[in-house]
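Note sheet for the following structure.
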Amino acid sequence: MAVTLEKELLCKDFLTQQPKKLLIDGKWIPAESGKTFETKNPATDEVLAKVAEGDKVDIEKAVKAARQAFEKGPWRKMSAAARGRLLYKLADAIEEHAEEFAQLETLDNGKPIRESRHVDVPQTVETFRYYAGWATKLEGETLNVNDNFFNYTLREPVGVVGQIIPWNFPLLMAAWKFGPALATGNTVILKPAEQTPLTALRLGELICEVGFPDGVVNIVTGFGPNAAGEALATHMDVDKIAFTGEDKTGREIVKASTVNLKRVSLELGGKAPNIVFADADIDAAIKGAITGIFFNQGQVCCAGSRLFLERPIYDEFLSKLTHQANSLRQGPGLDEKTQIGPQVSKEQLDRILSYIDIAKKEGASLACGGERPAGELSRGYFVKPTIFKGVQNSMRIAQEEVFGPVLAVIPFTSAEDIAEQANKVTYGLSGAVWTKDIKKAHRLAAQIKAGTIWVNCYNVFDPAVPFGGYKMSGYGRELGKHAIELYTNIKSVWVNVAD
Ligand code: ADP
């Protein structure tokens, strides 16, 4: 397949050193079992690298190393300023290798190189910088209590933290997890998704280079159920699990956590309502709808997968939207011109195709897409950008998370009951409203039960702004000062000062 990458392939060296190993206690070691698994290029179905298949015994080693580093290592004695400096150094090192990271992410995940370059990598850098600043801003408080006592609180790290991440933003999710956990002085074990382990491993190399003490960051690649992921979630000596992934897996994590009642934070799926009123800036809303569903091939937990259009604009909007969706340039992520790449895996491809079937059977009709592209692209896991019209909010295509480039378009007539329709779903991660009427926008922002609402925009993020779900989209907030809460404990100290 002819791919036009304008820059030299900088991740070649990293890819030639194989098989990839686990990072445990500052050393790169193979899995105890000697087993490896393959990670593939979703654009071509070719094997990119063999990666160590960590399992229960490897998690055991990693937890021991993290515990030792937390209790006894130099990490605990390090000043907050020094911890912050390490995070700044890491951010600088990633920035120096930005193009290499972007290429590696695109190869492993499939996403268009322009997205890796302009979203994943710079946001990763900014996340580490943001949390580097937090290291020196952690505070306790003094409290007004009975005169005979003096009371103050200490904000302490939780301890050994397990972090299980998905494959849709492999590097960025690692940054969302590492940033606040390390700024607050925890030690971590990261379990990257089996589909996309590479950028986390490259990040691990930079973590070692910039000088994080041994055992502070451990990375164990491998699988989830009955494997490394589950071993981490069930481990008695892990103090907290932070998980991003499917709600079904989230439930397993919660169950597993009961063995020692470890703290859990969950960022799960979504089925976001993207609501466009007739008085909106239509061109901007069309752009927002396209970004909302096709960014990252729709593999985004906050994807705007339910598009509610007010009746008067329904036909015009849908026809322009379909035209734009049809003209998105689909191809391998590494091609500079690609706007929409392949899905991450064969499994995801099959899941999406099965949802397309379900939608058809439910009576929704295709406005565009609905199939795999022919020709050269049929080697990879591509699905054409797909839009269903004539959807009812109760259909499975409007209720279940497809996690692909599949949009359900639903007309609405009454501004009064749109919030109710928007909320008639088990998820509550995000939503958007497009209107020029500021009152309507704020009213809906308050009514929609979701952790993020975008008004006249979509998919806007900043490390300072909290992100997380209502309802079955999980609990806990990542990013911002809220993630500091996830990774710290508050201790209150009573001192008897009575005469
Ligand atoms: P998907 O099905 O889209 O791959 P998952 O929620 O299954 O999403 O995966 C997200 C992450 O959770 C991955 O790192 C995966 O290995 C891990 N995982 C899956 N099942 C479990 C489990 N039972 N316990 C712990 N981790 C798991």
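Before moving on, here are some points about what is shown:
- Residues that are open to solvent by less than 20 Å² (accessible area, probe 1.4 Å) and under 17 Å from residue 194 (Cβ atoms), drawn from region 246-268: 253
- Residue pairs meeting the criteria (Cβ under 6 Å; at least 6 apart or on separate chains; first in contact (Cβ under 8 Å) with a residue 12 or more places away in the chain, in region 12-26; second surrounded by fewer than 16 Cβ atoms within 10 Å (Cβ to Cβ) and not polar (S, T, N, Q)): 18/50; 19/50; 21/29; 22/29
- Any chance residue 305 is closer than 20 Å to residue 359 by Cβ and in contact (Cβ under 8 Å) with a residue 12 or more places away in the chain: yes
- Tabulated pairs, region 63-90, first assigned by TED's automatic domain parsing to the domain that holds residue 134 and on the phi < 0 side of the Ramachandran plot, second open to solvent by 40 Å² or more (accessible area, probe 1.4 Å) and modelled with pLDDT of 95 or more, C-beta under 6 angstrom, 6+ apart or interchain: 63/237; 65/25; 67/237; 80/136; 81/136; 84/136
- Every residue from region 424-442 that is in contact (Cβ under 8 Å) with a residue 24 or more places away in the chain, surrounded by fewer than 17 Cβ atoms within 10 Å (Cβ to Cβ) and of a type outside the set (Ser, Thr, Tyr): 424, 436, 437
- Scoring residue 286 on the criteria (1) in contact (Cβ under 8 Å) with a residue 60 or more places away in the chain; (2) more than 16 Å from the ligand (Cβ to nearest atom); (3) more than 21 Å from residue 22 (Cα to Cα) leaves a single failure, condition (1).
- Boolean, residue 318 is over 30 Å from residue 247 (Cα atoms), open to solvent by 10 Å² or more (accessible area, probe 1.4 Å), in contact with a strand residue (DSSP E or B) (Cβ under 8 Å, 6 or more places away or on another chain) and not in a loop (DSSP other than H, G, I, E, B): yes
- Within region 355-408, being without any contact (Cβ under 8 Å) to a residue 40 or more places away in the chain, assigned to a helix (DSSP H, G or I) and among the small types (Gly, Ala, Ser) holds for 375, 378.
- Selected residue (criterion: nearest to residue 109 (Cα to Cα)) from residues of region 358-372 that are within 27 Å of the chain's Cα centre (by Cα) and surrounded by fewer than 19 Cβ atoms within 10 Å (Cβ to Cβ): 372
- When region 158-210 is filtered for residues that are more than 9 Å from the ligand (Cβ to nearest atom), within 30 Å of residue 346 (Cβ to Cβ), open to solvent by 10 Å² or more (accessible area, probe 1.4 Å) and more than 13 Å from the chain's Cα centre (by Cα), the ones remaining, listed by number, are 202, 205.
- If you go through region 43-83 and keep only what is within 23 Å of the chain's Cα centre (by Cα) and more than 20 Å from residue 221 (Cα to Cα), you end up with just 43.
- On the stretch given as region 472-481, residues that are touching a helix residue (DSSP H, G or I) at 6+ places or on another chain (Cβ under 9 Å) and outside any loop (DSSP other than H, G, I, E, B) total 2.
- Looking across region 29-49 at every residue that is open to solvent by 70 Å² or more (accessible area, probe 1.4 Å) and free of Cβ contacts under 8 Å to residues at least 24 places away in the same chain, the one that is farthest from residue 98 (Cα to Cα) is identified as 35.
Residues checked against (1) in contact with a strand residue (DSSP E or B) (Cβ under 8 Å, 6 or more places away or on another chain); (2) open to solvent by less than 10 Å² (accessible area, probe 1.4 Å); (3) of a type outside the set (A, V, I, L, M, F, W, C):
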| position | (1), (2), (3) |
| --- | --- |
| 270 | yes, yes, yes |
| 276 | yes, yes, no |
| 296 | no, yes, yes |
| 301 | yes, no, no |
| 312 | no, no, yes |
| 335 | no, no, yes |
| 345 | yes, no, yes |
| 350 | no, no, yes |
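The values are calculated or read from the model by the stated rules, or taken from the named source; none is laboratory data. Computed from a predicted structure; not experimentally measured. With ideal geometry, Cβ positions are generated from the backbone for all residues, glycine too; neighbour counts draw on all protein chains shown. Accessible surface areas use protein heavy atoms only, side chains included; no ligands, DNA or RNA. Shrake-Rupley method; radii C 1.70, N 1.55, O 1.52, S 1.80 Å.
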